[in-house]
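Undergrad: I am attaching a structure below and will ask some questions about it afterwards.
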Amino acid sequence: IDPDKEAYEFGLPYIQRAGVDHKINFCHSDALTVLNDLIANGKEEGSFDFAFVDANKDAYIKYHELLLKLVKVGGIIAYDNTLWFGTVVEAEENVEEFAKKGRKHLLQLNSFLAADDRIELALVSIGDGLTLCRRLY
Ligand SMILES: C[S@@+](CC[C@H](N)C(=O)[O-])C[C@H]1O[C@@H](n2cnc3c(N)ncnc32)[C@H](O)[C@@H]1O
């Protein structure tokens, strides 16, 4: 799901060469619309094994609520960039201006996920931080 098709179109020839294009259903849209539609159609709740979220950081908590319905119990939701260049452990005065807004959203998300008893989580310190959440119920 992405409102910007450019990266998908760039990658598509390589995806085709790898013979896996039949596994992709690209939705040219914003994520909230598609996730809400999937829930509204009444057939998709609890049907996904895995969701990977790497989109607009201000909406991650909204995506979390919807994905907890769509991912099956025992399934995984992965959130990218949860260390936000390491700034989530820096004092705000040491954070460069460009990173401040995202840092605020990621701090909110990290606190929210840490207190969410519907999931078990691991914040993996690879890349820019990847939080894996396993749906418990
Ligand atoms: C950092 S890029 C990651 C894209 C992809 N995961 C990758 O690694 O190539 C963030 C992506 O989020 C998309 N995005 C921004 N707002 C979005 C929204 N409301 N719903 C879904 N995707 C969104 C952007 O268009 C952009 O392609």
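Undergrad: Residues in segment 32-48: is at least one in a helix (DSSP H, G or I), hydroxyl-bearing (S, T, Y) and within 20 Å of P3 (Cβ to Cβ)? I'd like the intermediate steps shown before the answer.
TA: Here is the first cut: in segment 32-48, the ones in a helix (DSSP H, G or I) are 32-40.
This time we only want the ones that are hydroxyl-bearing (S, T, Y), so: 33.
Narrowing the set further to residues that are within 20 Å of P3 (Cβ to Cβ) leaves 33.
Looking for residues that are in a helix (DSSP H, G or I), hydroxyl-bearing (S, T, Y) and within 20 Å of P3 (Cβ to Cβ), one finds at least one in segment 32-48, hence yes.
Undergrad: With the condition kept exactly as written, say whether any residue in segment 68-86 is outside any helix (DSSP H, G or I), more than 15 Å from the ligand (Cβ to nearest atom) and farther than 22 Å from C133 by Cα.
TA: Here is the first cut: in segment 68-86, the ones outside any helix (DSSP H, G or I) are 71-83.
So of that shortlist, the ones also more than 15 Å from the ligand (Cβ to nearest atom) come out as 71-76.
Right, trim to farther than 22 Å from C133 by Cα and you get none.
No, segment 68-86 contains no residue that is outside any helix (DSSP H, G or I), more than 15 Å from the ligand (Cβ to nearest atom) and farther than 22 Å from C133 by Cα.
Undergrad: Given the residues A114, A91, which is the only one that is away from the ligand (no atom under 16 Å from the Cβ), surrounded by fewer than 16 Cβ atoms within 10 Å (Cβ to Cβ), under 17 Å from H64 (Cα atoms) and without any contact (Cβ under 8 Å) to a residue 60 or more places away in the chain?
TA: Numbers: A91 fails: under 17 Å from H64 (Cα atoms).
That would be A114, the only listed residue that is away from the ligand (no atom under 16 Å from the Cβ), surrounded by fewer than 16 Cβ atoms within 10 Å (Cβ to Cβ), under 17 Å from H64 (Cα atoms) and without any contact (Cβ under 8 Å) to a residue 60 or more places away in the chain.
Undergrad: Residues of segment 52-64 being within 12 Å of the ligand (Cβ to nearest atom) and not in a loop (DSSP other than H, G, I, E, B), which ones?
TA: Filtering segment 52-64 for residues within 12 Å of the ligand (Cβ to nearest atom) gives 52-60, 62-63.
F52, V53, K57, D58, A59, Y60, K62, Y63 - these are the residues of segment 52-64 that are within 12 Å of the ligand (Cβ to nearest atom) and not in a loop (DSSP other than H, G, I, E, B).
Undergrad: Within segment 65-82, can one find any residue that is out of contact with any strand residue (DSSP E or B) (no Cβ under 7 Å at 6 or more places or on another chain) and of a type in the set (K, R)? I'd like the intermediate steps shown before the answer.
TA: Going residue by residue through segment 65-82, those that are out of contact with any strand residue (DSSP E or B) (no Cβ under 7 Å at 6 or more places or on another chain) are 65-66, 69, 81.
When the remaining residues are screened for being of a type in the set (K, R), the result is 69.
Yes, segment 65-82 has at least one match.
Undergrad: Suppose we keep only residues that are exposed (fewer than 14 other Cβ atoms within 10 Å of the Cβ) and not small (G, A, S) within segment 119-137. Which one would you say is farthest from F50 (Cα to Cα)?
TA: So the first thing to find is which residues in segment 119-137 are exposed (fewer than 14 other Cβ atoms within 10 Å of the Cβ), and the list is 120, 122, 124-127, 136-137.
Next cut, not small (G, A, S) only: 120, 124, 126, 136-137.
Values: E120: 14, V124: 16, I126: 19, L136: 14, Y137: 15 Å.
Applying the filter and picking the extreme gives I126.
No lab work stands behind these numbers, since they all come straight from the coordinates. A quick note: this is a predicted structure, and the numbers were derived from the prediction, not measured. Cβ coordinates were reconstructed from backbone atoms using ideal geometry, including for glycine residues, and neighbour counts include every protein chain displayed.
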